[in-house]
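Have a look at the structure below, then the notes.
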Amino acid sequence: MWAEALEMLQSAERLQRQFFQVGAADAPWEPPVDVYQAGDDLWIFLALPGVPADHMETVIDGAMLIVRGERPLPPPARGASIHRLEIPYGRFERRITLPAGHYQVLQQVVENGCLVLGLRKLT
């Protein structure tokens, strides 16, 4: 019985380390991303369902593209009993290393639940 209790404590500690890492309060989840390159253009798709365009920002910092923002809890969920919660909400941040070079943003639209970014490599 003691061994089972110790195993349960160790399991709880592993879960705590997994979900409550240092810095998690600032960016607790990362949206999935697809990156395509066509010549000098990069196309980046971030899955951000339910995130309004005014709740996110994009920054190019050297060789890093940073997308951060917040996905609010949908109005019907406020005060409701949650039976399943698989789409994360709250603060997010995604850092994407860009291929070598300098880039400018050509296009930034929210479409079909995705942030679509078109970047052009500057010569």
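Select one label from [x] -0.59, -0.86, -0.99; [y] -0.36, -0.67, -0.88; [z] -0.42, -0.74, -0.93: the one whose number is log10 I(q)/I(0) by the Debye sum over Cα atoms at q = 0.12, 0.16, 0.18 Å⁻¹ as derived from the coordinates shown.
After the calculation, the listed value that fits is [x].
Give the angle, between 0 and 90 degrees and rounded to the nearest 10, that separates the Cα long axis of helix 2-19 from the longest principal axis of the Cα atoms of the chain.
For helix 2-19, the angle is close to 20 degrees.
Suppose every Lys and Arg Cβ carries +1 and every Asp and Glu Cβ carries -1, with no other charges. What dipole size does the chain come out with about its Cα centre, to the nearest 20 debye?
Taking the Cα centre of the chain as origin, the dipole is about 100 debye.
If you take every DSSP beta bridge whose two residues both sit in the range 18-122, what share of them, in percent to the nearest 5, is antiparallel?
95
If you place +1 on the Cβ of every Lys and Arg, -1 on the Cβ of every Asp and Glu, and leave all else neutral, what size is the dipole of the range 38-97 about its Cα centre, to the nearest 20 Debye?
Charge dipole, the range 38-97, about its Cα centre: 400 debye, nearest 20.
Each reported figure results from applying straightforward, stated rules to the coordinates on display, with no laboratory input. All of these numbers come straight from a predicted model, not from anything done at the bench. Cβ atoms come from the backbone with ideal geometry, glycine included; neighbour counts cover every protein chain shown.
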